[in-house]
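Written below as structure tokens is the structure these notes are about.
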Amino acid sequence: MPSSAAAPISPAAAPSVAPTPANTPAPSKQAPEAAATPARTVKRRHVARRKPANPPEWVLRSKVELAMHSDARFSNVSVEITRPGVVVLRGTVFDDRTKAEAERVARNVGGVKQVIDALSTQTLVWLRTQIKINQALQQAGLKQVSAKVIGKTVYLSGAVSNAVDKQRAQTVALGVAPGLEIGTNIITVSP
């Protein structure tokens, strides 16, 4: 008995159908911009920029020293590199304003990440010397005599009971700081 049902055709045995104008979508007659597919977001690939390698310590130290010594105010400043990009400034400058400027100059050198300011000021050195002289004058019994130190000069003022004590005040001051000279001695002798 012949079967009325058609045997199924396997996909491999199925004839291929060439596209015909009937089964191909018709091209759009819209403007080319409108026919474009919906806007895709274009992902840009992130290109990692290589950070420049830290310069060798001797190069960084040389660059900072050159910047420091190009200004006469920083002639007594020495430079030390402790870690890559970390600069230590040592030495003596005139005052706090010059100290801050030295730090700014070092920080502006390429490759410097951190500046450690270990600078002292001459005014601080003067003050320390002045304190030592005044303590020595007090210990010597010259309680009404005081000293003011500016640079390499000490200025004495106050009152003593005789001319020997006036001379002794000078001797005490120069004994504490032998490199200094007496600028003005306005110690008055009162009987």
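What follows draws every value from the coordinates through simple rules; no lab data is involved. Remember, it's a predicted structure, so these values are computed and weren't measured experimentally. Here Cβ is always computed from backbone atoms with ideal geometry, including for glycine, and neighbour counts include all displayed protein chains.
Under 8 Å for C-alpha pairs, at least 6 residues apart: give me the relative contact order for segment 57-121, rounded to a whole percent.
Computed over segment 57-121, the figure is 34 percent.
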Cα-projected label distance for Gln139 with Arg90, points at 7 Å along beta-carbon direction, nm: 2.9
Over 28 Å between alpha carbons, listed pairs Lys132/Lys166; Lys63/Lys99; Lys99/Lys166; Lys99/Lys132: Lys99/Lys166
As an exercise, use a Förster radius of 25 Å and the Cβ-Cβ distance of Gln114 and Asp71 to find the FRET efficiency, rounded to the nearest 0.05. 0.75
Each label sits 7 Å from Cα toward the beta-carbon; between Glu57 and Thr188 the label points are separated, in nm, by 6.1
16 Å tail of the calculated P(r), segment 124-189, as % of Cα pairs: 33
Of the DSSP beta bridges with both residues in segment 47-191, give the percent that are antiparallel, rounding to the nearest 5. 45
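Just the number, please: percent antiparallel of the DSSP beta bridges in segment 57-121, rounded to the nearest 5.
Details: 6 of 14 bridges.
Taking every DSSP beta bridge within segment 57-121, about 45 percent pair in antiparallel fashion.
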Cα principal axis extents for segment 72-191, largest first, Å: 67, 23, 19
Calculate how large, on average over all directions, the projected area of the Cα convex hull of segment 57-121 is; give the answer in nm² to one decimal. 3.5
Under 20 Å Cα-Cα from Lys152, which aspartates and glutamates qualify once same-chain neighbours fewer than 8 residues away are excluded? Asp95, Asp96, Glu181
